[in-house]
Amino acid sequence: MIEALAVQMRIAWARAVGRRPRLADLEATVRLARADCERFGTPGGLQLVSVFTPAEVRVLQRRALVRTVRNAVTHVPYYREVWGPEAHRGLTLERFAEFPLTTKQEFRANLGRFFNHNCRRFALYQHTSGTTGAPLGLYISYNELESWPLTIAVNGLLTGEILPGDIQQVNLSSLAQPDWYVTERGAVLAGAVAVMQGTVPPQEAIASLMEERCVPGGRRRVNAVVAEVTYMVELARVARAMGLGRSDFEVEKVRLGGEPLIPRYQSFIEETFGARVAASWGASETIPTMGLRCARGNYHFDEMSGYLEVVHPDTGKPLEGDATGVLVLTPFYPGREGMPVLRYRTGDMVTRLRCGCGLPENIGAFRFLGREAFNYRQGASCFTQVDFLEALSQVEGVRLPVRYWAQAEGDATVVDVQVDEASAELERRLVQTLQGMGLDRVKVRQQTTPHFRHVPLRWEKRVPPEALEQPKGNARRGRAAPVGREAGADAGAHG
Ligand SMILES: [Zn+2]
């Protein structure tokens, strides 16, 4: 107990003064949390807490921004040139909002100039670019490499998402190597067994969930899954098509990310596997600032881990209050060491809001609306990816996960939607649903082939299309080709 208190005090102090917590303290936290879970069970639920008032948070955030900007303009060539070496002097929140945004394109084009030259030990990770298939090097420092899995382990133990004795199957792409490494190492540190599978054809993942394991400790089958949202929905759909249901699995918990989790997806997964679903928002470029999804479906983040802004999609100007726009993030120094970013335009649409779910007011909340690239405009109206997903997923006969594509033809909007079986009745209902969403002059084309031009699902570019239509009973044989057909634009929040 006294050791736990001393460790927590040292970590809290390090954060308050902008120092990196000692790895030994983080390791001790994992060890103590694990021992507590083994003795008393997990506290469960979201564990975001804050001891500061909103006014105090503003003061601390300004100080954290000064430290973060000073570090970047001193040690990172890109920011030294673009923001200027004196950018941190007299910095206020208002002045900060006047500096240019960093876009994903700039980050990719200037990768070598984003290195923190004050960082001694780097560990290289390859990271796919998604659009060309050529890997992009994302450099992570040794400290980041060690501390991120420890954070995942502590969070997993406190929320009950990862517990000693769990068998956790990981269906994230092995090409997203930071994700892959952090998830695997985090599970092992928490005392779980990690089954690293990747985005294999759904039948193979389902067979693995049903497989009897010879793991010491009591469990026979996988009881936890980590995956991208639409991959898990696809698993649920294929499992149902194979006549399988909750009695065939022992999955208790599913942890999802990478894409918006809409209510229909959540209930579809929960009903199929009999598992509870948790989700988070994150991007490789802005780890460790993360959003955790609450019971109301909104994402909460620790305002002491990074600074969140919402900007207008066209002008890039900051929007005040409970606004809808593009999420811009600045992870605080020293959380991001190897390649720090300032005012990073994530490409995700969000609404900033007060959630009211009971979490402290000074823990930021936003609703995740999908990728900015999939916004569809008609006149003055803008429809987000989530607008389409939520509306279309409610229509019976639409195949889950939802695959759609909206485009203007003259002054009308044509929406292609993948359905199980086309019919005039279904077309009428789809038109009605889209009109209900606020779209005018809308036509629907029902698509029954598995691969028409659609808003790409994150994992599909890594699984060859023929694997999706693999006949039943073939689940154990044949592995996925390493890289599948190119699905189009990069849909990834982690891209
Ligand atoms: Zn909430």
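Listed values, structure above:
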item: Number of positions in the range 287-317 that are buried (at least 19 other Cβ atoms within 10 Å of the Cβ), more than 16 Å from the ligand (Cβ to nearest atom) and not hydrophobic (A, V, I, L, M, F, W, C); result: 5
item: Residue count for the range 164-181, restricted to those that are under 24 Å from Pro21 (Cα atoms) and at pLDDT 85 or above; result: 2
item: Pairs, first without any contact (Cβ under 8 Å) to a residue 40 or more places away in the chain in the range 57-72, second in a helix (DSSP H, G or I), C-beta under 9 Å, six or more apart; result: Arg58/Leu93; Arg62/Leu93; Arg62/Phe96
item: Filtered residues of the range 77-102 (kept if more than 26 Å from the chain's Cα centre (by Cα) and assigned to a loop (DSSP other than H, G, I, E, B)); result: Trp83, Gly84, Pro85, Glu86, Ala87, His88, Arg89, Gly90, Leu91, Thr92, Glu98, Phe99
item: Residue check, Asp348 more than 13 Å from the chain's Cα centre (by Cα), outside the structural domain of Val233 (by TED's automatic domain parsing) and touching a residue at least 24 places away in the same chain (Cβ under 8 Å); result: no
item: Long-range neighbours under 6 Å by Cβ, at least six apart or interchain, first residue farther than 16 Å from Val328 by Cβ and among the β-branched types (Val, Ile, Thr) within the range 356-375, second within 11 Å of the ligand (Cβ to nearest atom) and modelled with pLDDT of 80 or more; result: Ile363/His300
item: The range 230-245 residues that are assigned by TED's automatic domain parsing to the domain that holds Ser173 and in contact (Cβ under 8 Å) with a residue 24 or more places away in the chain, paired with ones that are of a type in the set (D, E, K, R) and crowded, with 20+ Cβ neighbours inside 10 Å (beta carbon under 7 Å, 6 or more apart); result: Thr230/Glu259; Thr230/Arg458
item: Residue tally, condition under 19 Å from Gly160 (Cβ atoms) and at pLDDT 90 or above, over the range 258-290; result: 12
item: Selection count where residues are among the polar types (S, T, N, Q) and under 23 Å from the mean Cα position of the chain (by Cα), scope the range 370-397; result: 4
item: Residues located in the range 166-208, provided they are within 15 Å of Leu150 (Cβ to Cβ), part of a loop (DSSP other than H, G, I, E, B) and free of Cβ contacts under 8 Å to residues at least 40 places away in the same chain; result: Ala192
item: Boolean, Thr448 is of a type in the set (Ser, Thr, Tyr) and at pLDDT below 95; result: yes
item: Flag if Glu161 is touching a residue at least 60 places away in the same chain (Cβ under 8 Å), part of a helix (DSSP H, G or I) and within 18 Å of Val222 (Cβ to Cβ); result: no
item: Scope the range 343-388; condition away from the ligand (no atom under 16 Å from the Cβ) and assigned to a loop (DSSP other than H, G, I, E, B); matching residues; result: Arg343, Asn375, Gly379, Ala380, Thr384
item: Any pair with Cβ under 7 angstrom, 6 or more apart, that starts in the range 281-302 at a residue that is under 16 Å from Arg336 (Cα atoms) and ends at one that is more than 16 Å from the ligand (Cβ to nearest atom) and among the aromatic types (Phe, Trp, Tyr); result: Glu285/Phe107; Glu285/Tyr344; Thr286/Tyr344; Ile287/Trp148; Pro288/Trp148
item: Failed condition for Ala109, given (1) surrounded by 15 or more Cβ atoms within 10 Å (Cβ to Cβ); (2) modelled with pLDDT under 95; result: (1)
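The values are calculated or read from the model by the stated rules, or taken from the named source; none is laboratory data. Quick caveat, the model's predicted, so the values are computed rather than measured. Because the Cβ atoms are built from the backbone with ideal geometry, glycine has one as well, and the counts that use them run over all protein chains shown.
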